[in-house]
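Have a look at the structure below, then the notes.
The values are calculated or read from the model by the stated rules, or taken from the named source; none is laboratory data. Everything quoted here is computed from the prediction, not taken from an experiment. Quick reminder, even Gly has a Cβ in these numbers, built from the backbone with ideal geometry, and neighbours come from all protein chains shown. For the accessible areas, the whole protein counts, side chains as well, though only heavy atoms, and no ligand, DNA or RNA atoms are used. Shrake-Rupley method; radii C 1.70, N 1.55, O 1.52, S 1.80 Å.
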Amino acid sequence: MEWLYMLMPISGVNIFWPGLIILGLGVGIIGGFFGLGGAWMVTPGLNILGFPMAFAIGTDVAQMAGKSLISTMRHGKFGNVDYLLGLVMLMGTVVGVEIGAQMVMWLERIGQVDKVVRWLYVVLLILLAWLVFHDVAKRKQKEREAKAKNQELEQGATGLDWASKLQAIHVPPMVYFKRAGVTCSFWLPITVSLFTGWLAGILGIGGGLIRMPALVYLIGCPTHLAVGTDLFEVAISGLYGAASYTYKGRTELVAAIIMLCGAAIGAQIGVVATKYVKGYGIRIVFGLAVLGCLMSVLLKLLQAELPSIAGLLGTLATIEVLAFVSAISVYIAARMVQGAKAELAAKRQKAGN
């Protein structure tokens, strides 16, 4: 079965190339659906396939840029991208990432970087999971209360409503983001993106895991539009990151191109699925993805604390990530097929009438 393995020209390792396509397909589906770059899924996956960690990170950044660009173009066709909001947030993100990176350098000098970053990751993921599921629970409570009064829940009503309070802070200049339907102070998206960029810079991730919920809960974007706008920003920052890692000789471009073959197909599936799964459907699945990521990080923490079984825990963490990616990808693809079938049936019925 030697033909299933390919020698990578830059890193010099033999890689199971169908695994790259499968990984790219799964991450493409999830990235297109949630607006995530997928660093927390791809990097450990590439590492277990045989890439040294530096090459795993560099190759991940390269494929993330290409996949996000494909997804952004598709979301743009559906009208799911607010380009002005994305560009405004990019300003804050760039500054925030640099502050975060400088803080990591400082933590490294005092020998605390691994401990601080790992626990910050755990706290962040727990807060994100709580935020999503608390919001869903509050929304369901409002639905029950409306039903008890024989009323319909107001369209666009949410469980948590922080965005409207933040939008009410009128600090000039005020900006209207037409596509998102949001009027707010120019400084609101700048401040939010500065904070999410800072977290992304410390944690070493693309930021979609943080920025997508921030767009929903703090700025007030509709969920499907938050996904598309976030991907637009990930694509731009990812292109810079890809150029940087390639210049340093830590990007396996052959592997990135192979992964993009799967990601190009997966991204189309993920983006189209947002047409049939709206608002709270996306939020619930996103919450489950956060829990999967949290489990992987906790296993990695245990790996550092229990060196006697570190190898086993590291393998379990990677298998858990890949299994979770596969399960969520299958679910999203199934929902897309289900929605497409229902749409075709409705069209046939309308044509018959």
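Residues are listed down the side, and each one gets a yes or a no for (1) polar (S, T, N, Q); (2) at pLDDT below 80; (3) assigned to a helix (DSSP H, G or I); (4) open to solvent by 60 Å² or more (accessible area, probe 1.4 Å):
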site	(1), (2), (3), (4)
V290	no, yes, yes, no
M295	no, no, yes, yes
L301	no, yes, yes, no
A304	no, yes, yes, no
S308	yes, no, yes, yes
L313	no, yes, yes, no
E320	no, yes, yes, no
Y331	no, no, yes, yes
M336	no, no, yes, no
Quiz prompt | Filtered residue count, the stretch 233-262, keeping only those that are open to solvent by less than 40 Å² (accessible area, probe 1.4 Å) and within 14 Å of W17 (Cα to Cα) | solution = 6
Practice problem: Give, as residue ranges, the helices (runs of 4 or more DSSP H) completely inside the stretch 1-114 that count at least 1 residues that are at pLDDT below 80 and farther than 19 Å from T246 by Cα. | Solution: 17-34, 39-49, 83-109
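For the stretch 154-231, which helices (runs of 4 or more DSSP H) that fit wholly inside it have 1 or more residues that are surrounded by fewer than 20 Cβ atoms within 10 Å (Cβ to Cβ) and modelled with pLDDT of 85 or more?
Numbers: elements: 162-167, 187-203, 208-214.
Hits in the stretch 154-231: 162-167, 187-203.
How many residues does the stretch 42-66 hold that are touching a strand residue (DSSP E or B) at 6+ places or on another chain (Cβ under 9 Å) and not aromatic (F, W, Y)?
Start the filter on the stretch 42-66 by keeping residues that are touching a strand residue (DSSP E or B) at 6+ places or on another chain (Cβ under 9 Å), which leaves 46, 49-51.
Retained after the next criterion (residues that are not aromatic (F, W, Y)): 46, 49-50.
So the answer is 3.
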Self-check item: Residues of the stretch 223-256 classified as among the basic types (K, R) and touching a Phe, Trp or Tyr at 6+ places or on another chain (Cβ under 9 Å), total
Solution: 1
Quiz item: Residues in the stretch 91-107 that are open to solvent by 30 Å² or more (accessible area, probe 1.4 Å) and either on the phi > 0 side of the Ramachandran plot or not acidic (D, E) (or both): how many?
Solution: 10
Exercise. Give the residues of the stretch 108-123 that are aromatic (F, W, Y) and crowded, with 16+ Cβ neighbours inside 10 Å, sorted by residue number.
Key: Y121
